[in-house]
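For reference, the structure discussed in these notes is given below.
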Amino acid sequence: MKKLNCLLLLFCCVHLAQAQNKVVLTKSSTTHLINRNIYGHFAEHLGRCIYGGFYVGEGNKKIPNKNGIRTDVVEAMKKLKIPNLRWPGGCFADTYHWKDGVGPKTQRPTIVNAWWGGVTEDNSFGTNEFLNMCEMLGAEPYLAANIGTGTPQELIDWVQYVSFSGVSPMSKLRKQNGRSKPWNVKFWGVGNEAWGCGGNMRPEYYADKYRESSTFMSGWSNDKKIYRIAAGANSGDLNWTETLMKTIPLNMMEGIGLHHYAVIDWNKKGSATDYNEEQYFTTMKRALYMDELITKNEAILDKYDPKKKVGLIVDEWGGWYNVEPGTNPGFLYQQNTMRDAVLAASTLNIFNNHSERVRMANLAQAINVLQSVILTQQQKMILTPTYHVMEMYTVHQDATFIPLNVKSEDYELGNEKLPAISASASIDSIGNVHITLANIDMNKEQEVSIDVSDYKLTNVKGRVLTSAKVQDHNSFENPNKIKPAMYNGASLSGNSLSVKIPPFSVVVLQLK
Ligand code: AHR
């Protein structure tokens, strides 16, 4: 009997040891930087993202602004070290004619935003306002060009207007509109979702349209080489990626897009705040699918571009739920809870871990739309849990990628399971190692043992984003319910780091 008890005890110990989460920081011979552009944002003419979000109009006396741009928003976005901002869409891009949005504001025509709520816009926020705002933010602009209803001439004119320093009708127009030196826009999207709202094109047809448009785009800027991004696939549509890679010569394309949203069901998206564990689990499952998607896209890119010249650009990602009750369904205004924090953290870990090919990504969308980092209500502004994750992860921007071996416990629900732990790591230019971890498990604290023997580290400190309930969120009444706190759950003993992460929480560690 005694022998049996001992055996049982031994079995339990072995079983527990095997089940533990283990992460190993490895040294790699091929190192690359995690491109800061992975931490990019997206601002469409949609709901209150531009009007009421970034822009409140010149002369607005109630909301502090500079040239109509909210100063509170600029300060908050600068803390995220926002590397780039995509504009004006989205679906809106392929109906947008840029010339409607330049010149004296009183003479700009009004337009109807047919995609988003059918609202009439006065075009007071256009090219000059956007590019000047990017300068205020310290962000690279990423312009999404109109390929659906625009012409190649309109596109050439736009490229010239923003980037040509010589004498031409478009540089003359820019000077007339108050801007002498060009902005030198590097990043250009050649259309958006061409398979859907961008024109319902077949990949073969779009690939030809792309070849045509991109031919005329280069050569207008002396300072920066243009970076042209082909409108990418709808989530798992690998044939789209394959056809584009096969048809577009590598010297005509610098990046290829990919859009993927974590949606429970397009017909039953569920509430952003009032959800159960099954809905939480499904959202996380859809979010983690990003890893498989990128892996499959990478395989196609490797086939046609083995030297990895073309970047994979995930220029729309995030969680998508029902709009907040009582708000315009066309405005896509949703709240943001700890579910979104875990979603953002694990997605950013995926991007970091694929950063040899993933060179840019854009969270949809910056303010008041989908998985926002900021919500506004007149003069008030709040930061969402997703904002705090983006801020905690700034440490990875342009840092050298550290490959990880991760062995995770399962987070189980019914017959399904997900890895409980998501992680990524980098080392910055002054030798600080950063590890970001998310515990996806909604119920259990996870203990992670991290082997750092390949690095000489003696000191650890960290921050955690956590809350009592997964549905918790910041509100205009309680704006600081969720914010990062000092983290005491890590201890370093020799080459082994032990970390305890509360359920549905995010941790960033700094080691020296
Ligand atoms: O981000 C909202 C919309 O989602 C974009 O306009 C479109 O590109 C995508 O379908």
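The values are calculated or read from the model by the stated rules, or taken from the named source; none is laboratory data. Computed from a predicted structure; not experimentally measured. Counting neighbours? That spans all protein chains shown, and the Cβs are built from the backbone with ideal geometry, glycine included. Calculation scope for accessible area: heavy atoms of the full protein, side chains included, ligands and nucleic acids excluded. Shrake-Rupley method; radii C 1.70, N 1.55, O 1.52, S 1.80 Å.
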Here segment 211-218 yields Karplus 3J(HN,Hα) values (6.51, -1.76, 1.60; θ = phi - 60°; whole Hz; Gly and Pro given as x) of 4, 4, 5, 5, 3, 8, 8, 8
Set Lys and Arg Cβ to +1 and Asp and Glu Cβ to -1, take the dipole of the chain about its Cα centre, and tell me which of C91, G311, L46 lies farthest positive.
G311
If the chain between S449 and T106 were fully stretched, how many nm would it gain, using 0.36 nm times the residue separation less the Cα-Cα distance?
117.2 nm
Three-way shape call for segment 36-397 based on the alpha-carbon gyration tensor, with the a/c threshold at 1.5:
oblate
Work out from phi, with θ = phi - 60° and the Karplus expression 6.51 cos²θ - 1.76 cosθ + 1.60, the ³J(HN,Hα) of each residue of segment 329-334, listed in order in whole Hz, and give x for Gly and Pro.
x, x, 9, 6, 8, 9
Largest-first ordering by accessible area, 1.4 Å probe, given options T400, T436:
T400, T436
Where both partners of a DSSP beta bridge lie in the chain, what percent of those bridges are antiparallel, to the nearest 5?
60 percent
MRE, 222 nm, helices only [DSSP H, n ≥ 4, -39500 (n - 2.57), over the chain, to nearest 500]
-8500 deg cm²/dmol
Separation of alpha-carbon centers, segment 177-212 and segment 231-284, rounded to whole Å:
19 Å
Tally Lys/Arg at +1 and Asp/Glu at -1 over every other residue whose Cβ is under 15 Å from the Cβ of K22; what's the total?
-3
Find how many whole Å separate the alpha carbon centroid of segment 21-74 from the alpha carbon centroid of segment 135-157.
18 Å
For T120, what accessible surface area do you get with a 1.4 Å probe? Give it in Å², rounded to 10.
100 Å²
How would you classify segment 103-241 from its alpha-carbon gyration tensor, with a ≥ b ≥ c the square roots of the eigenvalues: rounded for a/c under 1.5, else prolate if a/b is greater than b/c, otherwise oblate?
oblate
Note down the relative contact order for the chain as a percent, whole number, built from C-alpha pairs under 8 angstrom at least six residues apart.
18 percent
Surpassing 18 Å at the alpha-carbon level, of the pairs K186/K246; K79/K483; K78/K181; K78/K186; K296/K417; K27/K512, are K186/K246; K78/K181; K78/K186; K296/K417
Quick one: check the C-alpha center-to-center distance for segment 83-108 versus segment 326-378, whole angstrom.
22 Å
Of the peptides 349-362, 304-317, 455-468, how do they stack up when ordered by the mean number of other Cβ atoms within 10 Å, highest first?
349-362, 304-317, 455-468
For segment 385-512, with the dipole built from +1 on Lys and Arg beta-carbon atoms and -1 on Asp and Glu ones, taken about the Cα centre, which of L511, I421, I435 lies farthest toward the positive end?
L511
